[in-house]
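Peer 1: Let me begin by handing over the structure; questions about it come next.
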Amino acid sequence: MMKAPYAVQVQESRGRVHAQERSDERTPFQRDRDRVVHSAAFRKLQYKTQVFVNHEGDFYRTRLTHSLEVAQIARAIARALALDEDLTECLALAHDLGHPPFGHAGERGLDEALRDFGGFDHNDQSFRVVTMLEQRYAGFDGLNLTWETLEGLAKHNGPLKRPPPAIAAFDALHPLDLARQTSAEAQVAAFADDIAYNTHDLDDGLRAGLFGFEDILALPVIGDLLREARRLTEDPPRLRAELSRRVINALVHDALAESGRRLAALAPRSAADIRAAPDPVIGFSGEIRAANTSLKRFLMARMYRHWKVNRMTYKSEHVTRTLGGLLLKRPDLLPDDWRERAGQGETAEAAATVRDYVAGMTDRYALDEFSRLTDPAIPA
């Protein structure tokens, strides 16, 4: 398919930090995507929490299933807008590589434990994973991704005026134009993240019984879509699926229409024009943006702050806070290879090591390590 002039063009890629021979079979962005999929950090996402901890049920989303759903939505939008689908997909698959165990609850606990040493930011950690922590090549650390992929990951949430440490350090050596807009492909990946997150949390909340169908009838747009779905079925599992499909469809169609209007108004002739624009070119209409905000508020009140979720959130924060704080003070408790890297306790080097160690854990490993470090009855 012919790409739009404002799409990122493969032949104009700014390349990689470490020069590598080009592939005859794959574009640079296809190779980036494949490197992400084959990384250890990507495999671990299977056992990292979205909202519900892994052992609470087999049907709830994990970071891996979330990333796959984001990639599907992002690729569909990219195709409709004639963008580079491979770059968009790669960014969607890679955006959560730095998440610690237990989702945002785990992030808050680790951030608190390391507060005196810069805290914890999962987006910065994702960047650290792909530029340093993955060790799959003999000649360098990281995945050696293209400039365009690294730019999109660094600016997943938009332009950065005060970049976090890992991104700032890389930018000092290899500038990523952090203060400007990112590519349309990266904007699509970030937007698909928002669409997938809200939609599947609505589905998981219904599945878990934290709220019912009657509770969401008053939500703007969502209520109307539920009434449409009910004309076809009242069977709860089928109704959930019908509703989720309609919500995603409505959000994607609105994003395409609004983004089309913004692109027509800007009339960009290149990806550089997208980056130089004063505002993003991907977005929702006012009506859908307001409906999305209402859905987020509902989920915050009825799901994320539900007493059952509060209990697990408390325990999850406690685990990562304890692991981070204990290992920061006592890096001699770390396995040999990590202990050597950490050096003395309560230093910047120890904090960086503990950050990488805990953030790289799955939910299951974090619980096991917590038990090994705090319960005398559990073998080391």
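Peer 1: Inspect all residues belonging to the range 264-273 and state whether any of them is under 25 Å from Phe127 (Cβ atoms) and crowded, with 18+ Cβ neighbours inside 10 Å.
Peer 2: Checked against the condition, which is being under 25 Å from Phe127 (Cβ atoms) and crowded, with 18+ Cβ neighbours inside 10 Å, the range 264-273 yields at least one hit.
Peer 1: Something else about it: Is the range 308-330 home to any residue that is surrounded by 19 or more Cβ atoms within 10 Å (Cβ to Cβ), at pLDDT 95 or above and small (Gly, Ala, Ser)?
Peer 2: Yes: the range 308-330 contains one or more residues that are surrounded by 19 or more Cβ atoms within 10 Å (Cβ to Cβ), at pLDDT 95 or above and small (Gly, Ala, Ser).
Peer 1: Hey, another quick one. What are the pairs, 6+ residues apart or on separate chains, where a residue within the range 349-374 that is over 15 Å from Met132 (Cβ atoms) has its Cβ under 6 Å from a residue that is surrounded by fewer than 19 Cβ atoms within 10 Å (Cβ to Cβ) and of a type in the set (Gly, Ala, Ser)?
Peer 2: Arg372/Ala380
Peer 1: For Gly119, are the conditions met, namely being in a helix (DSSP H, G or I) and over 21 Å from Ile248 (Cα atoms)?
Peer 2: Taking the combined requirement at face value, the residue does not satisfy it.
Peer 1: Can you find, within the range 310-362, the residue that is nearest to the chain's Cα centre (by Cα) among those that are outside any helix (DSSP H, G or I) and hydrophobic (A, V, I, L, M, F, W, C)?
Peer 2: Among residues in the range 310-362 that are outside any helix (DSSP H, G or I) and hydrophobic (A, V, I, L, M, F, W, C), the one nearest to the chain's Cα centre (by Cα) is Met361.
Peer 1: Can you confirm whether the range 176-198 contains a residue that is touching a Ser or Thr at 6+ places or on another chain (Cβ under 9 Å), surrounded by fewer than 22 Cβ atoms within 10 Å (Cβ to Cβ) and of a type outside the set (A, V, I, L, M, F, W, C)?
Peer 2: Checked against the condition, which is being touching a Ser or Thr at 6+ places or on another chain (Cβ under 9 Å), surrounded by fewer than 22 Cβ atoms within 10 Å (Cβ to Cβ) and of a type outside the set (A, V, I, L, M, F, W, C), the range 176-198 yields no hits at all.
Peer 1: Can you pull out the residues in the range 49-64 that are assigned to a helix (DSSP H, G or I), farther than 12 Å from Asp193 by Cα and either charged (D, E, K, R) or at pLDDT 80 or above (or both)?
Peer 2: Across the range 49-64, the qualifying residues are Glu56, Leu64.
Okay, residues lined up against (1) of a type outside the set (Val, Ile, Thr); (2) within 30 Å of Leu64 (Cβ to Cβ); (3) touching a residue at least 60 places away in the same chain (Cβ under 8 Å):
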{"site": "Ile195", "(1), (2), (3)": "no, yes, yes"}
{"site": "Leu206", "(1), (2), (3)": "yes, yes, no"}
{"site": "Gly223", "(1), (2), (3)": "yes, no, no"}
{"site": "Arg231", "(1), (2), (3)": "yes, no, no"}
{"site": "Ser244", "(1), (2), (3)": "yes, yes, no"}
{"site": "Ile248", "(1), (2), (3)": "no, yes, yes"}
{"site": "Ala265", "(1), (2), (3)": "yes, no, no"}
{"site": "Pro268", "(1), (2), (3)": "yes, no, yes"}
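The values are calculated or read from the model by the stated rules, or taken from the named source; none is laboratory data. None of the values given here were measured: they were computed from a predicted structure. Every residue, glycine as well, gets a Cβ built from its backbone with ideal geometry; the counts of neighbours run over all protein chains shown.
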